[in-house]
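Student: Here's a structure for you.
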Amino acid sequence: MTTRANRGWWDANADDYQREHGDFLRDVGFVWCPEGLDEAEARLLGDVRGARVLEVGCGAAQCARWLRTQGALAVGVDLSFRQLQHARRLDDATGQIVPAVCADAAALPFATGCFDVACSAFGALPFVADAGAVLREVARVLRPGGRWVFSVSHPIRWAFPDDPGPRGLVARHSYFDRTPYVETDPSGQVSYVEHHRTLGDWVDLLVEAGFRLRRLVEPEWPDGHRRTWGGWSPLRGSRLPGTVIFCCVRESG
């Protein structure tokens, strides 16, 4: 249900998403989150020259495209065919070609141990019912010692309304309620699903999948950043974390 609904949602909304956020993400750029943390400065992936890199949930592959300018052999995977059509559009516009495949992140069509690095900037993981399956697949395609870095909405946000204004500063839900957020279409069919995991849930899933957590990054809202993106805003960002980034390595055993 989750996979079918979210594939349909992203196919239907990819044009609006790229139109609204494309300038912020840039055709060739690696932005980790609505706070604007840029991989060009953060360097959470380390030196990627010559590295085989997989972007999971790549959308229009802006991140993978930037990685290729840094000397990485970067490729992308996304569930949405329409998002990948935008990737082809940006390939043509920039001349920087990103090989990308349309596939479920829980069944990656790549050989075991074929990547040195994997990354995801708000891609796939918030939208899957079984995040453990995705993490196990990422672990499978990474070589031992390979790096895995991904960003998702900060779990504490689940306790607050998704509102950029003052209403979004008052906790109204239980942080520990893992009930998915579900939208339905006029016929009653599920059209969008997003899943919540606590910080502890994420750490447990990573360990179970064979990863070692090396760093947890909670980007602060930068001075002068006035952009509102959904529930992210200067008001909320000055008081609450909006994003968490997990920096991991695949264990050798």
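The values are calculated or read from the model by the stated rules, or taken from the named source; none is laboratory data. Everything quoted here is computed from the prediction, not taken from an experiment. Cβ sites come from the backbone with ideal geometry, for glycine too, and all protein chains shown count toward neighbours. With ligands, DNA and RNA removed, areas are computed over all heavy atoms of the protein, side chains included. Shrake-Rupley method; radii C 1.70, N 1.55, O 1.52, S 1.80 Å.
Student: With every protein chain left in place, what is the accessible area per residue of segment 208-253 in square angstrom, probe 1.4 Å?
Tutor: 55 Å²
Student: Let's see if you can work this out: charge +1 on each Lys and Arg Cβ, -1 on each Asp and Glu Cβ, no other charges. What is the dipole magnitude of segment 102-183 about its Cα centre, in debye to the nearest 20?
Tutor: My answer is approximately 260 debye.
Student: Take the chain, connect every pair of alpha-carbon atoms lying under 10 Å apart with a spring to form a Gaussian network, then pick out the residue of Arg52, Arg239, Arg157 with the largest mean-square fluctuation.
Tutor: Arg239
Student: Still on this structure, please answer the following. 7 Å from Cα along Cα→Cβ at both Arg178 and Thr112: what's the point-to-point distance in nm?
Tutor: In this crude label model, Arg178 to Thr112 measures out at 2.8 nm.
Student: Another one. Going by a ≥ b ≥ c, the root eigenvalues of the Cα gyration tensor, does the chain fall in the rounded group (a/c under 1.5), the prolate group (a/b larger than b/c) or the oblate group?
Tutor: Rounded.
Student: Roughly how many Å is it from the Cα centre of segment 107-176 to that of segment 25-101, as a whole number?
Tutor: Going from one Cα centre to the other spans 17 Å.
Student: Order the following by accessible area, largest value first: Ser153, Ser238. Probe radius 1.4 Å; ligands, DNA and RNA are ignored.
Tutor: Ser238, Ser153
Student: Show me the ranking of peptides 165-173, 80-88, 53-61 by mean Cβ neighbours inside 10 Å, starting with the highest.
Tutor: Per-residue mean Cβ counts within 10 Å order the peptides as 53-61, 80-88, 165-173.
Student: Quick check for you: with a 1.4 Å probe and neighbouring chains kept, what is the accessible area per residue of segment 1-108, in Å²?
Tutor: Here the residues of segment 1-108 average 42 Å² of exposed surface.
Student: Another question, if that's okay. For the chain, give the percent of accessible area contributed by carbon and sulfur heavy atoms, probe 1.4 Å, rounded to a whole number.
Tutor: 51 percent
Student: Sort the following peptides by mean Cβ neighbour count (other Cβ atoms within 10 Å, averaged over residues), highest first: 214-224, 115-125, 179-189.
Tutor: Final packing ranking: 115-125, 214-224, 179-189.
Student: If you don't mind, there's one more thing I want to ask. Can you sort Tyr175, Tyr192 by 1.4 Å-probe accessible area, starting with the largest?
Tutor: So, going from the largest accessible area down, we get Tyr175, Tyr192.
Student: Rounding to the nearest 20 debye, state how big the charge dipole of segment 1-145 is about its Cα centre with +1 on each Lys and Arg Cβ and -1 on each Asp and Glu Cβ.
Tutor: Result for segment 1-145 is approximately 460 debye, rounded to the nearest 20.
Student: How many nm is it between the label spots at Asp185 and Gln85, if each spot is 7 Å from the Cα in line with the beta carbon?
Tutor: 1.6 nm
Student: Name the residue from Gly46, Val31, His21 whose Cα lies farthest towards the positive end of the charge dipole of segment 1-75, charges +1 on Cβ of Lys and Arg and -1 on Cβ of Asp and Glu.
Tutor: Final value for the positive-end residue is Gly46.
Student: I'd like to know which of Tyr192, Ile245, Gly224 lies farthest towards the positive end of the charge dipole of segment 181-253, counting +1 on Cβ of Lys and Arg and -1 on Cβ of Asp and Glu.
Tutor: Gly224
Student: I need to check one value: relative contact order of the chain, counting alpha carbon pairs closer than 8 Å and at least 6 residues apart, in percent.
Tutor: Relative contact order of the chain: 20 percent.
Student: Output the antiparallel fraction of DSSP beta bridges having both residues in segment 70-227, as a percent to the nearest 5.
Tutor: 30 percent
Student: With only Lys, Arg, Asp and Glu charged, each at its Cβ (+1 for the first two, -1 for the last two), find how big the charge dipole of the chain is about the Cα centre; round to the nearest 20 debye.
Tutor: My answer is approximately 460 debye.
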